[in-house]
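The structure appears below as structure tokens.
The values are calculated or read from the model by the stated rules, or taken from the named source; none is laboratory data. This structure is a prediction, so every number in the text was calculated from the model and none was measured. Neighbour counts are summed over all protein chains in view; Cβ atoms, including those assigned to glycine, are modelled from backbone coordinates with ideal geometry. Ligands, DNA and RNA are excluded from the accessible area calculation, which covers all protein heavy atoms including side chains. Shrake-Rupley method; radii C 1.70, N 1.55, O 1.52, S 1.80 Å.
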Amino acid sequence: MSQIKIGMVGGGAIARAHVLAYSSVPILHDLQVKPVLSNLAEANVDLAIQAASKLGFENHTADWRTLTSSSDIDLVDIVAPTYLHAEVAIDAAEHGKAILCEKPIATTAADAKKMYEAASRAGVVNGVGFNYRRLSAILLAKKLITEGALGKITQFRTNFLEDWASNPKMAFTWRYKKITAGGGALADLGSHIIDVSRFLMGEIKSVCGMQETFIENRKLPNDRSKSEQVDVDDYTTALVRFANGVPGTIETSWATVGRKVALQIEVNGSEGSVYYNFENPNDLHYYSGADPNDRQGHRTIIMGTAHPYGTSFTFPATGSGAGFQDSINNEIYEVVNAVMKRSSLAPSFYDGWKVNQVIEAIQESSSKKKWVDLE
Ligand SMILES: NC(=O)c1ccc[n+]([C@@H]2O[C@H](COP(=O)([O-])OP(=O)(O)OC[C@H]3O[C@@H](n4cnc5c(N)ncnc54)[C@H](O)[C@@H]3O)[C@@H](O)[C@H]2O)c1
């Protein structure tokens with residue numbers, strides 16, 4: 001069996017999920033290739049040794065350029081803070097590497113465009129960690145919309161709500177500055193639902209946003225006597241108009257007390273509706289207007305082997321899969337498959353760039369208090 005050698009940049013929270021996926025996809029999927037955890041780059045030598053040993057990499061480095069320039073690496077997986085993505089991805093593309101980059105792909109749309117152009121110029125496989133569109137239920141929703149089961153789509157709404165940042169004692173990190181993160185809840189969580197919105201409904205044409213910051217200063221992690229100003233949103237809501245004319249709403253917050261990973265989507269049409277909440281990730285709620293009057297109401301479809309990726313659940317039985325790790329496993333499977341076949345991948349850096357454009361349009365709209373059109 002041939003091998004794909006992985007060079008990972010960053011060994012933090014999401015690196016764990018990616019590593020688990022590289023190890024499990026040959027077991028869960030019919031793959032004629034084995035991903036090898038070859039080299040891990042971290043911010044300094046101590047962190048690199050620690051992370052490489054815990055995650056099971058053969059080598060470690062404190063300089064990510066060692067990975068991007070190495071003839072021994074096939075795929076560069078960027079799971080570092082967002083402000084590093086563009087530089088690493090462009091260098092990796094120029095060295096002819098396939099690239100998987102976490103979301104949002106850059107802190108600005110201009111950088112995201114440069115990444116897209118560099119990957120296109122080099123002709124390398126490029127993908128983005130928008131894992132929620134890899135969920136069986138989201139793919140089934142897409143199928144129902146495409147097949148016309150909902151009739152003519154009239155409205156769309158989505159929100160992604162979490163609550164960890166509602167704690168004022170939570171220390172300052174790179175996530176709380178625009179220059180390092182590209183935005184707050186909107187860039188972090190909102191990027192996922194903007195991607196799902198585009199995936200289900202097509203391009204967004206115009207936006208009218210409103211943003212709020214609830215906690216304006218946070219203590220530094222290493223010196224609690226000092227604090228740093230937060231310049232990003234804790235909460236964003238936006239009215240949107242899709243290019244197909246459908247109106248909708250996108251709302252996100254990382255400070256909604258009581259909500260944990262509430263990624264919700266509702267699409268309504270002339271003949272039916274679908275509704276999804278990641279807090280119950282196996283369930284897609286489908287309403288058919290064709291049901292007789294005495295049986296109307298949403299039915300719960302439980303994800304199983306009949307659904308996209310269903311046979312690749314860790315345990316392939318109805319209702320047993322579709323958690324967060326399954327979505328990452330599916331994403332990594334698609335990436336490894338594309339690298340092996342040298343085929344194109346979606347979501348790609350193009351999609352990452354489009355999402356960054358929507359983020360910036362919402363930010364601009366909020367600060368100018370007016371609708372903003374996208375190109
Ligand atoms: N798809 C998802 O659901 C998901 C979830 C979480 C995070 N993310 C994204 O993944 C990225 C990383 O997020 P995270 O939560 O893992 O962050 P994190 O802060 O937990 O981890 C980032 C790691 O990168 C390391 N790092 C910093 N500078 C580096 C350098 N110069 N070279 C190599 N490593 C360096 C840090 O030491 C840290 O260990 C972000 O872009 C984030 O938006 C995606």
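Of all the numbered requirements in (1) of a type in the set (Val, Ile, Thr); (2) open to solvent by 20 Å² or more (accessible area, probe 1.4 Å); (3) within 30 Å of His307 (Cβ to Cβ); (4) within 16 Å of the ligand (Cβ to nearest atom), Thr173 misses one, and that requirement is (3). Apart from one condition, Val335 fits all of (1) touching a helix residue (DSSP H, G or I) at 6+ places or on another chain (Cβ under 8 Å); (2) of a type in the set (Val, Ile, Thr); (3) crowded, with 23+ Cβ neighbours inside 10 Å; the exception is (1). Please work out if Asp223 is within 30 Å of Met170 (Cα to Cα), acidic (Asp, Glu) and under 19 Å from the mean Cα position of the chain (by Cα). Against the criterion (within 30 Å of Met170 (Cα to Cα), acidic (Asp, Glu) and under 19 Å from the mean Cα position of the chain (by Cα)), Asp223 does not qualify. Sub-7 Å Cβ pairs linking a first residue in the range 32-57 that is farther than 15 Å from Gly10 by Cβ to a second residue that is basic (Lys, Arg) and open to solvent by less than 20 Å² (accessible area, probe 1.4 Å), at least 6 apart or interchain, number zero. Here the condition is being open to solvent by less than 40 Å² (accessible area, probe 1.4 Å), more than 16 Å from the ligand (Cβ to nearest atom) and over 30 Å from Gly269 (Cβ atoms); of Val207, Val246, Val240, Val230, it holds for Val230 alone.
Mind checking whether some residue in the range 227-237 is at pLDDT 95 or above, aliphatic (A, V, I, L, M) and in contact with a helix residue (DSSP H, G or I) (Cβ under 7 Å, 6 or more places away or on another chain)? Checked the range 227-237: at least one residue is at pLDDT 95 or above, aliphatic (A, V, I, L, M) and in contact with a helix residue (DSSP H, G or I) (Cβ under 7 Å, 6 or more places away or on another chain). In this entry, Thr300 passes the filter for residues that are modelled with pLDDT of 95 or more, under 30 Å from Ser270 (Cα atoms) and not in a helix (DSSP H, G or I). In this entry, Ala21 passes the filter for residues that are part of a helix (DSSP H, G or I) and either crowded, with 18+ Cβ neighbours inside 10 Å or out of contact with any Asp or Glu (no Cβ under 8 Å at 6 or more places or on another chain) (or both). Scoring Phe156 on the criteria (1) over 19 Å from the mean Cα position of the chain (by Cα); (2) hydrophobic (A, V, I, L, M, F, W, C); (3) within 16 Å of the ligand (Cβ to nearest atom) leaves a single failure, condition (3). For the range 40-68, the set of residues classified as open to solvent by 70 Å² or more (accessible area, probe 1.4 Å), assigned to a loop (DSSP other than H, G, I, E, B) and more than 9 Å from the ligand (Cβ to nearest atom) consists of Glu58 only. Working carefully through the options Ala137, Ala106, Ala141, Ala92, find the one that is over 19 Å from the mean Cα position of the chain (by Cα), hydrophobic (A, V, I, L, M, F, W, C) and either buried (at least 18 other Cβ atoms within 10 Å of the Cβ) or in a loop (DSSP other than H, G, I, E, B) (or both). None of the others qualify; the one that does is Ala92. For the structure I just gave you, tell me whether His29 is more than 10 Å from the ligand (Cβ to nearest atom) and either open to solvent by less than 60 Å² (accessible area, probe 1.4 Å) or touching a residue at least 40 places away in the same chain (Cβ under 8 Å) (or both). In short, yes. Of all the listed residues (Ser367, Ser320, Ser344), the sole one being part of a helix (DSSP H, G or I) and surrounded by fewer than 19 Cβ atoms within 10 Å (Cβ to Cβ) is Ser367. Which one of these is farther than 30 Å from Lys226 by Cβ and of a type in the set (D, E, K, R): Lys178, Lys113, Lys169? The conditions single out Lys113. The residue of the range 89-114 that is nearest to Tyr132 (Cα to Cα), among those that are within 14 Å of the ligand (Cβ to nearest atom) and among the acidic types (Asp, Glu), is Glu102. For Phe349, the criteria (1) out of contact with any Cys (no Cβ under 8 Å at 6 or more places or on another chain); (2) buried (at least 24 other Cβ atoms within 10 Å of the Cβ) hold in every case but one, which is (1). All conditions but one from (1) open to solvent by 20 Å² or more (accessible area, probe 1.4 Å); (2) farther than 22 Å from Tyr276 by Cα; (3) among the basic types (Lys, Arg) apply to Arg218; the one that does not is (1).
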